[in-house]
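Step one of this worksheet: look at the structure below.
Just so you know, all these numbers are worked out from the coordinates, no wet-lab data involved. Predicted model, so just to flag it, every value in this text is computed and none were measured. Every residue, glycine among them, receives a Cβ derived from its backbone with ideal geometry; neighbour counts consider all protein chains shown.
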Amino acid sequence: MTAAERPEQGFAGLAPTGPRPRAAVLAAGDLPASELLPRLIEDIDLVVAADGGLAHAAALGLTPRLIVGDLDSVDPALLERYRETPVQRHRVDKDELDLELALSAARELGAAAFRVLGAFGGRFDHSLAALLIGARWVEAGFDLSLHGGAHEAWLCTPRQPVTLTLTPGTTVSLLALRDGAVLSSEGLRFKLTDTRLDFGTGLGMSNVAVSDVVNVRCTGGLTAVIIEHRV
């Protein structure tokens, strides 16, 4: 199918309060390290490929429900391989990133929880944009995490604490994405107790997991919980 018009930019009809079908949205950055992949795809209900992310579908043996984007970075042979998969094609000179369009398409397919694989990679601008796009979706009430290479990012808000199962010694950085971030943590070497993290400071960087389970709770603001796995 072909997109007739640009998808909505707002979040009218927010995430449902019932069951939350989980989508894997495949972006064109680096795939998560092989040892991290099984837990990331085992409970996925549907897959949407964002343009060049279709290569990741092939590498993982996944069949997307939908391919979305301007298709400027997709191998034509891959499109032929997935010729039975519907395509939502957009103009090259569009206002949104392919990731934004793919998230919106996954939501229209019923997903309310999202795992972005290939969120981070060689282009710093795209990696930063993915983090900020994810933050916007989490603030709107959706469950979303971002993964690429050895890194992953989760967004902590007062409505959405972050609980992670990690190998002790894993680097955990906390980065305030706007003013007013107040955090408490369990399972980190440098424990936070109602600690204020100001926007544009490095106070929360390079912490370390000392437990199998790390909890981060926010009573204010918006914070990225950034994990660097030892892989």
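Tabulated data for the structure shown
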{"item": "19 Å cut-off, amide nitrogen to a point 7 angstrom out along residue 219 Cα→Cβ, residues in region 137-171", "result": "156-163"}
{"item": "Semi-axis lengths (Å, descending) of the ellipsoid that matches the C-alpha gyration tensor of region 166-231", "result": "20, 12, 9"}
{"item": "Stokes-Einstein D (µm²/s) once Rh is taken as the Kirkwood radius of region 84-196 over alpha-carbon pairs, at 37 °C in 0.692 mPa s", "result": "205 µm²/s"}
{"item": "Positive minus negative residues near residue 55 (Lys, Arg vs Asp, Glu; Cβ under 12 Å)", "result": "-2"}
{"item": "Added length on full extension, which subtracts the Cα-Cα distance from 0.36 nm per residue, residue 165 to residue 109", "result": "17.2 nm"}
{"item": "Computed E for residue 81/residue 129 - FRET, C-beta separation, R0 25 angstrom, nearest 0.05", "result": "0.30"}
{"item": "Three principal axis lengths of region 76-115 [C-alpha, angstrom, descending]", "result": "31, 25, 15"}
{"item": "Largest-first principal axis extents, alpha carbons of region 17-86, Å", "result": "36, 29, 17"}
{"item": "Residue 178 versus residue 208: modelled label distance in nm, points set 7 Å from Cα along the beta carbon direction", "result": "3.4 nm"}
{"item": "Simple spin-label estimate for residue 190 and residue 91 in nanometres, 7 Å along Cα-Cβ", "result": "4.8 nm"}
{"item": "Radius, Kirkwood style, for region 76-149 when every pair of distinct Cα atoms is counted (Å)", "result": "13.7 Å"}
{"item": "Most mobile listed residue (220, 61, 134) in the chain, GNM with C-alpha springs under 10 Å", "result": "61"}
{"item": "Neighbour cut-off at most 15 other Cβ (10 Å), DSSP loop, trypsin sites (Lys or Arg not before Pro), region 63-94", "result": "83, 91, 94"}
